[in-house]
Amino acid sequence: MSTAPFPQIAGNSQLLDELRQMKQSKRLPHALLLHGEQGCGKKTLAQWFTMLVLCEETGGAHVPCGRCRSCRLILENAHPDVYTAEHSGKRMGFSVETVREVRREAAVLPNNGDTRIFLFPDADGMSVQAQNALLKSVEEPPPHACFVFTAETVGALLPTLLSRMTTKAVFPVSQEECEGALNRLGFSPEDASAAYQRFGGNIGRCIAYLSDAGLRQSAELAAQMTAAIAAQNEYELLRLLTAAAADKDGLRQTLGLLDIQLRDAAVFTMDGEFTRLGCDARAAKALSERLSPRRLLRMHGAINEALGDLDGNVGAVLTVTALCAAMVEC
């Protein structure tokens with residue numbers, strides 16, 4: 001029987017140890033939220049946690065084993081006691097009907113062991129109605145049910161739902177851990193290093209960067225735009241925006257990355273450690289030294305308005321021309 005590769009979790013060792021200790025002491029949560037920025041490995045860790053709960057081995061640090069029948073079935077997405085809720089709607093959330101189906105399934109006893117796991121990946125778009133429909137099941141779950149959610153922020157879920165679950169943060173990893181993970185996936189040391197310089201220890205974004213030529217181009221343009229804004233070079237900014245306008249989807253991606261650069265620049269103006277999310281830390285730092293958080297916030301608003309124009313079928317060239325003027329005025 002062929003199996004998918006065992007999910008090797010880079011970094012987050014403290015979180016893994018905490019979850020293993022919960023397993024050993026039989027204190028596993030009946031509802032768990034894994035939260036962190038996009039690409040940091042939340043869904044991979046949710047799969048690892050599912051294996052931890054259902055693994056047939058009992059050997060402490062060696063659980064999950066990745067070899068037993070339960071682990072193999074999870075890796076093949078074929079375990080009968082693992083139910084993944086389907087996304088729906090424009091926001092890719094979960095409909096009330098999907099939640100009702102989960103509630104019906106939660107009443108069914110497990111097939112192979114003591115627990116059934118219900119996964120809600122990328123729960124950021126989950127509607128208030130769907131969350132309220134799920135509340136009672138999470139508040140008073142059947143003894144055999146375990147609910148696992150992933151989301152970018154804790155604020156994606158209602159406080160009433162959050163109060164009934166355990167929340168754990170998933171963090172980007174160190175440079176050594178990130179590059180090692182990329183090497184194991186077949187990327188060269190040079191490419192792994194280049195990806196880390198762009199997106200830090202966010203392995204998912206690094207993989208996307210190395211696998212998608214369009215993302216590499218958008219990241220390069222966003223980094224150059226950040227530098228142009230910091231240098232107050234209106235001509236260069238317009239040139240770069242016009243180049244990005246040749247591909248409307250690529251333009252949306254580039255503006256999204258530029259917006260994240262503005263976020264990083266705003267946070268750079270404050271004291272203390274923070275996780276950078278953008279594609280060029282040096283350019284964001286330079287921007288933070290030139291512009292106040294208020295001006296950066298106004299630029300964020302201008303980018304959001306431009307994205308709205310693109311969604312409203314305004315021409316790309318007209319959109320970027322207006323955006324450049326707005327950014328200069330901010």
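For the chain, with a Gaussian network of springs between Cα atoms less than 10 Å apart, report the residue from Thr319, Thr150, Thr254 with the top mean-square fluctuation. The residue that fluctuates most here is Thr319. Considering the stretch 81-133, its Cα convex hull presents a mean projected area of 3.5 nm².
Send over the Kirkwood Rh of the stretch 214-329, from the inverse of the averaged 1/r over different Cα pairs, rounded to one decimal Å.
Working: mean 1/r = 0.0724 Å⁻¹.
Every distinct Cα pair counted, the radius reaches 13.8 Å.
Calculation over all alpha carbon pairs of the stretch 13-169 in 10 angstrom steps from 0 returns a P(r) of 11, 42, 37, 9, 0 percent. Seen from all directions on average, the stretch 171-244 presents a Cα convex hull projection of 5.4 nm².
Determine the sum of side-chain charges near Lys248: Lys and Arg each +1, Asp and Glu each -1, restricted to other residues whose C-beta is under 12 angstrom from that of Lys248. Charge balance in the 12 Å sphere: -3.
Against the main long axis of the alpha-carbon atoms of the chain, helix 189-199 sits at an angle near 80°. For the stretch 238-330, the list of GluC sites (Glu not before Pro) that fall in a loop by DSSP and count at most 15 other C-beta atoms within 10 angstrom reads Glu273, Glu289. In a reduced charge model with +1 at each Lys and Arg Cβ and -1 at each Asp and Glu Cβ, the chain shows a dipole moment near 620 debye about its Cα centre.
Given the -39500 (n - 2.57) contribution per DSSP H run of 4+ residues, what per-residue ellipticity at 222 nm results for the chain, rounded to the nearest 500 deg cm²/dmol? Each step should come with its number before you reach the end.
On the way: 15 runs with 180 residues, N = 330.
So the helix-based figure for the chain works out to -17000 deg cm²/dmol.
Using C-alpha pairs below 8 Å separated by at least 6 residues, the relative contact order for the chain is 16 percent. When +1 charges are put on Lys and Arg Cβ atoms and -1 charges on Asp and Glu Cβ atoms, the dipole computed for the stretch 13-169 relative to its Cα centre reaches about 140 debye. Cβ-to-Cβ counts within 10 Å put Cys330, Cys279 in ascending order as Cys330, Cys279, the fewest first. Within a straight-line Cα-Cα reach of under 30 Å, Lys136 can be paired with the following lysines, leaving aside sequence neighbours fewer than 8 residues apart in one chain: Lys23, Lys26, Lys42, Lys43, Lys90, Lys168.
Assuming charge only on the beta carbon of Lys and Arg (+1) and of Asp and Glu (-1), the dipole of the stretch 7-48 about its Cα centre is about 220 debye to the nearest 20. Using the Cβ of Leu109 as centre and a radius below 14 Å, the other residues enclosed give a net charge of -1, where K and R count +1 and D and E count -1. Helix 248-268 sits at what angle to the longest principal axis of the chain, using alpha carbons and giving 0 to 90 degrees rounded to 10? Around 90 degrees separate the two axes.
Rule-based calculations on the coordinates, nothing more; no lab input. Nothing here was measured: the structure is a model prediction, and the numbers come from that model. Reconstructed Cβ throughout: ideal geometry from the backbone, glycine too, with neighbour counts over all protein chains shown.
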